[in-house]
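Participant: I'd like to ask some things about the structure below.
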Amino acid sequence: MSSTSALMIIFAAVFANNFILVQFLGICPFLGVSKKTDTALGMGIAVIFVMAIASVFTYAINEWVLVKLGIEYIRTIAFILIIASLVQIVEMIIKKFSPSLYSALGVYLPLITTNCAVLGVALMNVEYTAMWQAFLNGAFSGVGFTLAIVLLAGIREKLAHNDIPKPFRGFPITLITASIMSMSFVAFSGMVF
């Protein structure tokens, strides 16, 4: 494993190709679960786990089954099934060990199944030549997702205590904040070739 290519994958996944702030995938949980940092962190950890494990499983299924049988055209359906299964496992684990987090995440936890960022990372990973690259990209794309959602949650918590003009309160200031965050992350794109 080349440390340079590993560092490039990590940097690109977290900053330059951040799924939320650069590629605009996974916006629904980003805006819906980012009211409190605790909930945002819980969602982020669940997404890291699902993205990392889904990356390994989808890469393996793609390389060893779909490509070998010449049925790559069902890749999206197969990946959705794998992701849905993993999300069910994560949901059961969170419900068992952290009922408060489970209830705080609400509908957004099962929505990880249809989170386009999770499917996006799985589809993007088919371009890699080794499973370790797919795993790194998946795990650190989840870290980038977590970074973005926790940063927004922290900012939203601070904004709740500020005197914001009435037309900008609530969702409008959240969108303005997200757009400014997005601009800062897009600046990293020039650093990756």
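The values are calculated or read from the model by the stated rules, or taken from the named source; none is laboratory data. Since the model is a prediction, treat every value here as computed from it, not as a measurement. All Cβ positions, glycine included, derive from the backbone under ideal geometry; neighbour counts span all protein chains shown. Heads up: the accessible areas ignore ligands, DNA and RNA and are worked out on the full protein's heavy atoms, side chains in. Shrake-Rupley method; radii C 1.70, N 1.55, O 1.52, S 1.80 Å.
Participant: Given a 1.4 Å probe and every protein chain left where it sits, what share in percent of the accessible area of the chain is carbon and sulfur? Mind showing how you got there, number by number?
Facilitator: On the way: 7160 of 9980 Å².
The C+S portion of the solvent-accessible surface of the chain is 72 percent.
Participant: Rolling a 1.4 angstrom probe over the protein heavy atoms, how many square angstrom per residue are accessible across the chain? Don't jump to the answer; show the numbers that get you there.
Facilitator: Working: 9980 Å² over 193 residues.
Spelled out: the 1.4 Å probe surface of the chain, per residue, equals 52 Å².
Participant: Of the candidates Ala139, Ala122, Ala60, which one comes out as most mobile in a Gaussian network treatment of the chain with C-alpha springs shorter than 10 Å?
Facilitator: Ala60
Participant: May I pose another question? Going by Cα centres, region 101-150 and region 17-45 are how many Å apart?
Facilitator: Cα centroid of region 101-150 versus Cα centroid of region 17-45: 10 Å apart.
Participant: Also: For a Förster distance of 35 Å, can you work out the FRET efficiency between the beta-carbons of Ile77 and Lys158, rounded to the nearest 0.05? Please list the in-between numbers first.
Facilitator: Numbers: r = 43 Å, r/R0 = 1.22.
According to the calculation, E is roughly 0.25.
Participant: May I pose another question? With a ≥ b ≥ c taken as the square roots of the eigenvalues of the C-alpha gyration tensor of region 1-157, please select rounded if a/c is under 1.5 and otherwise prolate if a/b is larger than b/c or oblate if it is not?
Facilitator: Working: a/c = 2.11, a/b = 1.39, b/c = 1.52.
Because a/c hits 1.5 or more and a/b fails to exceed b/c, region 1-157 counts as oblate.
Participant: Compute the long axis of helix 171-186 from its Cα atoms, compare it with the longest principal axis of the Cα atoms of the chain, and write down the angle in degrees, 0 to 90, nearest 10.
Facilitator: 50
Participant: Next up: Choose one answer from Val50, Val107, Val150: the residue with the largest mean-square fluctuation in a GNM of the chain with alpha-carbon springs under 10 Å.
Facilitator: Val107
Participant: Moving to a separate point now. Dipole size in debye (nearest 20) for the chain around its Cα centre, Lys and Arg Cβ +1, Asp and Glu Cβ -1? Please report the intermediate quantities before stating the final value.
Facilitator: Values: 10 positive and 7 negative charges, 93 e Å.
In total the dipole reaches around 440 debye.
Participant: Still on this structure, please answer the following. Between helix 131-159 and the chain, what is the angle of the helix's C-alpha long axis to the longest principal axis, kept within 0 to 90° and rounded to the nearest 10?
Facilitator: 10
Participant: What is the count of Lys pairs in the chain whose alpha carbons sit under 27 Å apart, if the two are 8 or more places apart or on different chains?
Facilitator: 9
Participant: Same structure again: Per residue and in Å³, how big is the convex hull formed by the alpha-carbon atoms of region 120-169?
Facilitator: Details: hull volume 3.6 nm³, N = 50.
Spelled out: Cα convex hull of region 120-169, divided by residues, is 72 Å³.
Participant: Looking at Gly190, Leu81, Ser98, which one has the Cα that reaches farthest to the positive end of the dipole of the chain (charges on Cβ: Lys, Arg +1; Asp, Glu -1)?
Facilitator: Going by the Cα projections, it comes out as Ser98.
Participant: Based solely on its DSSP helices, what 222 nm [θ] is calculated for the chain when runs of n ≥ 4 H residues each add -39,500 (n - 2.57) and the sum is averaged over all residues, nearest 500 deg cm²/dmol?
Facilitator: On the way: 8 runs with 124 residues, N = 193.
Helix contribution divided over all residues of the chain: -21000 deg cm²/dmol.
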